[in-house]
1. Using a 10 Å cut-off on Cβ to Cβ distances, tally the other chain neighbours for every residue of B:240-247 and report the average as a whole number.
2. Once Lys and Arg get +1 and Asp and Glu get -1 on their Cβ, which of B:VAL211, B:GLY236, B:THR195 lies farthest toward the positive end of the dipole of the range B:185-249?
3. By per-residue mean of other Cβ atoms within 10 Å, what is the highest-first order of A:62-68, B:210-216?
4. Peptides A:151-163, B:108-120: what's the order by average Cβ count within 10 Å, highest mean first?
5. Between A:ARG75 and B:LYS89, how high is the FRET efficiency from 1/(1 + (r/R0)^6) when r is the Cβ-Cβ distance and R₀ = 30 Å? Nearest 0.05.
6. Take the alpha carbon atoms of the range A:51-115, find their center, do the same for the range B:111-146, and report the distance between the two centers in whole angstrom.
7. Under the rule of at least 5 residues apart or a separate chain, name every residue whose amide H is placed under 5 Å from the amide H of B:THR195.
8. For B:VAL239, what charge total do you get from the other residues with a beta carbon under 14 Å from its beta carbon, if Lys and Arg give +1 and Asp and Glu give -1?
Amino acid sequence: MPDMRVRVAELPAPLSAIQNEELLWRQVRDGDERAFEALYERHADTVYNYLFRRLADWSEAEDLTAVVFLEAYRRRGDAVVVDGKLLPWLYGIATNVLRNRRRTQWRNRRLLGRLAQERSEPVPNLADRIEATERMRALLEQTKELPRAQQDVLALCVWSGLTYDEAAAALGVPVGTVRSRLARARDALGSSMEPARLERRPEGVVEP
Amino acid sequence: MSELPAEFSLPIDAFERQRRLLRREIAPPRHSNRRRIAVAAAVGIVVLLCAVVATPARGVGGRLLDLIQGTLAPPEVQTYFTANEETRKHMLAYEEQAGAILHGRFSPVIASQARGLFAIKSVDGPIYLWAAPTEDGRQCWLIQVGTDAATGSPRGIGTCEEHEETGAIVPDTTWWADLPDVVIVHARVYDDAITQVDVEVEDAPTVVLPVVGGHALGTIPKGERALAMVGRDQSGSEVARYTIAEAKG
């Protein structure tokens, strides 16, 4: 066989430049701590906001964000990458962390203890955050009668903007189940549900 | 129902604190010198026992992380295959012009069907082998040893089958990857009866490579010299032998 080969540039890749997260995650799985940090930098805010929307508590959302990433690292061998994205899997871990909150908090008590010890700085945008908390509490009040599984789908598909496929991967259920749970949630919420107003706003958009 | 509140970033100090603590949590445990010595001694004993008990001349060509046969290649790898098509066409045209005896046949690669075959952990980092079919039923493959900084595309070397092969094993004898501590050994295996490829190494134990999807892949320590590749069937019988170099002396 003739040796028709094409050499490509031989520079190490900056991890932030790796768009396909399957590659990045493979590096994490191989024990590359920098790759894990790159993923944390990329997704910490998204996970944080998802947790806040499920809890209506910024402080707890902050703590659990760290727990989600630590759990992700522990379960790195089981990661599911959907269309080159790891975020649906992280949403799935976050959903499990919320579901088993006490157990995961106990398991990660050392990390949580350290986070609590080192908390010092005042929270930025405090007034806005208080207002967001009140608004989120009102929203959660309206959805609290829904079965837990429907709340999960509502939070993933409507509040976080995941596709049905991504939500299915996050929850480990078939796509049809996601669709039917969401339909039932919409039916249950009836006219109080206004999807357009509930969907996640693009980043940087501030309501007047 | 009230509106969904806007999103906020993690407060910067919380972000940094979490990052620092996560780094600490996932860092491999540091062992004391005493513990290190104990571990080294234990490993030494195990190695000695293996040397006594195990079948002689059987090594492992890099630790096989997992067989990733069937794993769909990520977009960067798929792009790599299609990006080389123009070069392939150009090279074949050049061969034609030069009056080469072996006329190559160009066939487009089906990059969307590129799949992973191997993931090997070496001391120089992971090594992957990706393969994609061509429209005429042959194969292109890529051995990946890293990722390009600027583009995120895989760093490695690839080739496509464009000529008729007559051998049962075609070893990759151009040890191209300039890795600090290992040399990659690869063979394309065309005989389905071959289930493993033994790499015979001068003054060192033979390295055994499994065959996956018609490829055998592994590593030998840098500085060692591969003498032959031997294809064996399930019973261990020799099916094909390819001599790479003659033993010195």
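1. Working: counts 0, 0, 0, 0, 0, 0, 0, 0.
That average works out to 0.
2. B:VAL211
3. Numbers: A:62-68: 25.3, B:210-216: 19.7.
By packing density, highest mean first, the sequence is A:62-68, B:210-216.
4. On the way: A:151-163: 22.0, B:108-120: 19.6.
Listed from highest to lowest mean packing, they are A:151-163, B:108-120.
5. So the FRET efficiency works out to roughly 0.10.
6. 33 Å
7. Hits under the 5 Å cutoff: B:ARG232, B:ASP233, B:GLN234.
8. Local net charge: -3.
No lab work stands behind these numbers, since they all come straight from the coordinates. Bear in mind the structure is a predicted one, so any value in this text is a computation, not a measurement. We place every Cβ from the backbone using ideal geometry, glycine too, and count neighbours over all the protein chains shown.
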